Amino acid sequence: MYNKELACSAQESFLSSIHCVVNSVSSPLWDWLVWILIGVGLFFTMSTGFVQLRLFGRSIKEMTGSRQNPSDPHGITAFQAFVVGLASRVGTGNIAGVAIAITTGGPGAVFWMWLTALIGMSSAFAESSLAQLFKIRDKNTGLFRGGPAYYIEQGLGQKWLGVVFSISLVLCFGLVYNAIQANMIGVSIQSVTHLDEMAWKGQNFHHIVAVVLTLLVAPIIFGGLKRISLVAEGMVPVMAGLYLLMAIWVMLTHLSTIPAMLQLIFTDAFTFKAAGGGLLGGLISQAMMLGIKRGLYSNEAGQGSAPNAAAAADVKHPASQGLIQMLGVFVDTIIVCSCTAFIILLADPAVLAAAKGNGMMLTQSALVHHVGEWGRYFLMAVLLLFCFSTIIGNYAYAESNVQFIANNKIVLLIFRLLALGFVYFGAVSQSDLVWDSGDLMMGIMALINLVVIALLYKLVLLLAKDYTVKLKLGKDPEFKLSEHPVLKRKIKNNIW
């Protein structure tokens with residue numbers, strides 16, 4: 001995420017003035033959103049009886065037992081929905097974002113990142129369970145689709161608000177954030193290989209990267225959610241596994257220093273270094289603020305993005321996918337982000353100082369320190385996989401919302417072409433106005449989603465209770481709408 005504060009003046013250009021206005025809205029919005037996200041997460045943590053701890057073991061069982069073909073041949077498995085969500089979550093923020101949090105806020109930021117993820121897991125359970133409850137079957141493809149826009153329309157009866165949410169998500173994930181990931185792919189290749197200096201001049205290198213990337217993305221997104229889920233199912237475990245193995249190797253070669261590293265994380269978490277401006281900025285530490293923001297930005301818990309993938313799964317109980325997507329928050333932050341943190345903190349302190357606040361350079365330098373020069377190429381390969389998977393995961397979120405606004409094949413075709421255009425644009429150029437506008441759209445959709453899931457909390461508790469009661473009876477939880485007549489008036493589908 002980008003959060004620049006610009007000073008507005010009459011001398012600025014037109015675009016700079018627009019940029020200033022965008023940031024003047026986005027910056028205070030996100031200052032408030034951070035605390036709203038935490039508050040909603042704490043509310044669902046308490047009201048569900050710490051579902052993220054109580055049913056954590058069950059979430060692993062649900063995920064590992066969901067790789068078989070779904071009962072509906074037109075659906076996707078719960079595991080596929082899980083990896084599509086994880087594909088979007090795991091991106092450059094897990095590498096560069098974590099590094100920046102550590103250099104700016106100190107090692108203690110890692111503790112607050114962990115705590116934020118644990119709290120956010122309950123919000124992820126809530127939003128993904130609701131997405132499953134209110135999902136519909138697409139009349140053209142036969143696939144399930146759903147998400148916040150769908151439970152806003154059915155649960156609250158406010159389709160106009162669902163449309164506002166969908167527009168925000170489409171602009172943010174379908175266009176802007178994918179341009180950012182494409183840009184990072186070009187920058188990563190250039191910084192490590194220097195091919196632009198060796199073979200091509202000026203922007204030619206970036207245009208070649210853009211063409212190749214667009215040609216790789218096109219057949220995947222034109223294949224729809226089914227093809228996206230198959231690609232994600234093959235790619236995400238490999239990319240996450242490779243990065244995890246590297247972090248494990250680093251830890252195994254530094255076993256004697258791990259206790260000191262953990263002690264540093266916990267002690268620094270409670271060392272006061274004022275965060276400065278923003279809501280309560282002078283009353284909390286930099287480590288706390290940056291750790292919270294990095295955790296929230298990375299795992300997206302409660303922000304209304306992952307439920308769009310969760311709704312597509314064919315499961316027997318809405319809470320089943322809620323538990324699986326809850327596990328996605330854990331994997332993204334507690335596992336993948338921690339890999340970056342440990343690689344950095346177990347390196348020589350001089351590495352941290354030499355990076356001068358550049359997140360990608362810091363992670364790269366730390367890896368080179370541990371394994372040698374080939375670490376640069378390893379990190380580049382991992383980053384390319386992270387960025388590419390994020391592009392297709394983001395697109396999957398957006399497609400469902402385009403169909404909510406207008407379920408028309410021509411509209412969908414135009415959107416797919418526009419999405420490819422932004423991938424190309426992102427690879428060849430960079431505009432802070434575009435990126436910061438994406439953050440504003442993300443803030444709007446997150447605010448809408450948080451208010452909505454809080455208003456629909458009774459349904460979340462109903463689903464959690466129904467699942468838990470059947471589990472205690474020794475049954476494989478299966479949701480039956482006939483057992484809950486109060487819901488029949490709200491739900492449009494006949495799936496349950």
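The values are calculated or read from the model by the stated rules, or taken from the named source; none is laboratory data. Just so it is clear, the structure is predicted and the values come from calculations on it, not from any experiment. Virtual Cβ from ideal backbone geometry, glycine too; neighbours counted across all protein chains shown. Accessible surface areas use protein heavy atoms only, side chains included; no ligands, DNA or RNA. Shrake-Rupley method; radii C 1.70, N 1.55, O 1.52, S 1.80 Å.
Go through the stretch 389-496 and tell me which helices (runs of 4 or more DSSP H), entirely inside it, have 1 or more residues that are at pLDDT 90 or above. Lay out the reasoning, then the answer.
Details: elements: 409-428, 432-455, 457-472, 485-488.
Fully inside the stretch 389-496 and qualifying: 409-428, 432-455, 457-472.
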* Structure fact -> Screening Ile392, Ile491, Ile448, Ile495 for residues that are of a type in the set (A, V, I, L, M, F, W, C), open to solvent by less than 10 Å² (accessible area, probe 1.4 Å) and touching a residue at least 24 places away in the same chain (Cβ under 8 Å) leaves only Ile392
* Asked: Here are some conditions: (1) in a helix (DSSP H, G or I); (2) aliphatic (A, V, I, L, M); (3) open to solvent by 10 Å² or more (accessible area, probe 1.4 Å); (4) at pLDDT below 85. Leu280 meets all but one. Which one does it not meet?
  -> (1)
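Of all the residues that make up the stretch 301-332, how many are at positive phi and either over 11 Å from the mean Cα position of the chain (by Cα) or open to solvent by 10 Å² or more (accessible area, probe 1.4 Å) (or both)?
Filtering the stretch 301-332 down to residues at positive phi leaves 302, 304.
Filter once more, keeping what is either over 11 Å from the mean Cα position of the chain (by Cα) or open to solvent by 10 Å² or more (accessible area, probe 1.4 Å) (or both): none.
Here the count works out to 0.
Could you identify the single residue in Leu6, Leu29, Leu33 that is outside any helix (DSSP H, G or I), at pLDDT below 90 and surrounded by 16 or more Cβ atoms within 10 Å (Cβ to Cβ)? Give the steps one after another, and end with the answer.
Values: Leu29 fails: outside any helix (DSSP H, G or I); Leu33 fails: outside any helix (DSSP H, G or I).
Result of the check over Leu6, Leu29, Leu33: Leu6.
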* **For Leu459: the one exception among (1) aliphatic (A, V, I, L, M); (2) open to solvent by 30 Å² or more (accessible area, probe 1.4 Å); (3) in contact (Cβ under 8 Å) with a residue 24 or more places away in the chain** => (2)
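Scan the stretch 333-348 residue by residue and report those that are over 16 Å from the mean Cα position of the chain (by Cα) and not in a loop (DSSP other than H, G, I, E, B). Break it down into steps so the answer makes sense when it comes.
Step one: filter the stretch 333-348 for residues over 16 Å from the mean Cα position of the chain (by Cα), giving 339-348.
Matches in the stretch 333-348: Cys339, Thr340, Ala341, Phe342, Ile343, Ile344, Leu345.
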* Asked: Just wondering, is there one or more residues in the stretch 140-150 that are more than 21 Å from Phe479 (Cα to Cα) and buried (at least 24 other Cβ atoms within 10 Å of the Cβ)?
  -> yes
* Considering only residues of the stretch 74-106 that are surrounded by 24 or more Cβ atoms within 10 Å (Cβ to Cβ) and farther than 28 Å from Ala311 by Cβ, which is modelled with the lowest pLDDT? -> Gly105
* Asked: Looking at the stretch 215-251, which of the residues that are exposed (fewer than 15 other Cβ atoms within 10 Å of the Cβ) and β-branched (Val, Ile, Thr) is farthest from Asn178 (Cα to Cα)?
  -> Ile248
* To do: Pull up the stretch 252-270, narrow it to residues that are open to solvent by 60 Å² or more (accessible area, probe 1.4 Å) and outside any helix (DSSP H, G or I), then point me to the one that is modelled with the highest pLDDT.
  => Thr253
* Quick one: is Leu362 open to solvent by less than 30 Å² (accessible area, probe 1.4 Å), modelled with pLDDT under 90 and part of a helix (DSSP H, G or I)? -> yes
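Among the residues of the stretch 367-389, count how many are open to solvent by 10 Å² or more (accessible area, probe 1.4 Å), of a type in the set (Phe, Trp, Tyr) and under 26 Å from Ala81 (Cβ atoms).
Narrowing the stretch 367-389 to residues open to solvent by 10 Å² or more (accessible area, probe 1.4 Å): 368-374, 376-378, 380-381, 384-385, 388.
If we keep only those that are of a type in the set (Phe, Trp, Tyr) as well, we get 374, 377-378, 388.
Then drop every residue that is not under 26 Å from Ala81 (Cβ atoms), which leaves 388.
Number of matching residues: 1.
Condition test on Leu346, is it modelled with pLDDT of 85 or more, touching a helix residue (DSSP H, G or I) at 6+ places or on another chain (Cβ under 8 Å), among the hydrophobic types (A, V, I, L, M, F, W, C) and within 30 Å of Glu62 (Cα to Cα)? Full working, then the answer.
Details: modelled with pLDDT of 85 or more: yes; touching a helix residue (DSSP H, G or I) at 6+ places or on another chain (Cβ under 8 Å): yes; among the hydrophobic types (A, V, I, L, M, F, W, C): yes; within 30 Å of Glu62 (Cα to Cα): no.
Criteria not met by Leu346.
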* Can you confirm whether the stretch 126-138 contains a residue that is open to solvent by 10 Å² or more (accessible area, probe 1.4 Å) and either on the phi < 0 side of the Ramachandran plot or β-branched (Val, Ile, Thr) (or both)? => yes
